[in-house]
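A short worksheet on the structure shown next.
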């Protein structure tokens, strides 16, 4: 195991659980749940339909690098962000180009990167 993992802070909810150990709310007051965020409401129908319609894609794990469509989308998003905001030695072009021009440049670069 990587020894650097020992230097990471524990998960905040683990710390909270340790702090709450042995603590009980006042019996006349209702406790406010500050849990991790489990859903407490029914899943909307449009999400249920989308899940049901796409179950076939859940039959296997993706490759380590991710599905090709995800890699393309992620790459395009990174190129768009880099052209817009800059990165390392590349300056930001957001003050020089319109949003449409930035998308055009990012599309061009993404197409060039995807060619063999």
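In segment 69-96, the residues that are under 13 Å from residue 114 (Cα atoms) reach residues that are surrounded by 12 or more Cβ atoms within 10 Å (Cβ to Cβ) with C-beta atoms within less than 6 angstrom, at least six apart or across chains, in these pairs: 76/110; 79/106; 79/109; 79/110.
Scan segment 51-93 for residues that are in a helix (DSSP H, G or I) and under 29 Å from residue 111 (Cβ atoms) and the total you get is 19. When both residues are 6+ apart or on different chains and their Cβ atoms are under 8 Å apart, which pairs have a first residue that lies in segment 47-65 and is at negative phi, and a second that is outside any loop (DSSP other than H, G, I, E, B) and surrounded by 10 or more Cβ atoms within 10 Å (Cβ to Cβ)? Every condition considered, the pairs that remain are 62/70; 65/71. Is there a residue being without any contact (Cβ under 8 Å) to a residue 12 or more places away in the chain, loosely packed, with under 10 Cβ neighbours inside 10 Å, out of contact with any strand residue (DSSP E or B) (no Cβ under 7 Å at 6 or more places or on another chain) and not in a loop (DSSP other than H, G, I, E, B) anywhere in segment 26-46? Yes.
No value in this document is a laboratory result; all are computed from the given coordinates. Keep in mind that what you see is a predicted model, and the values were worked out from it rather than measured. Every residue, glycine among them, receives a Cβ derived from its backbone with ideal geometry; neighbour counts consider all protein chains shown.
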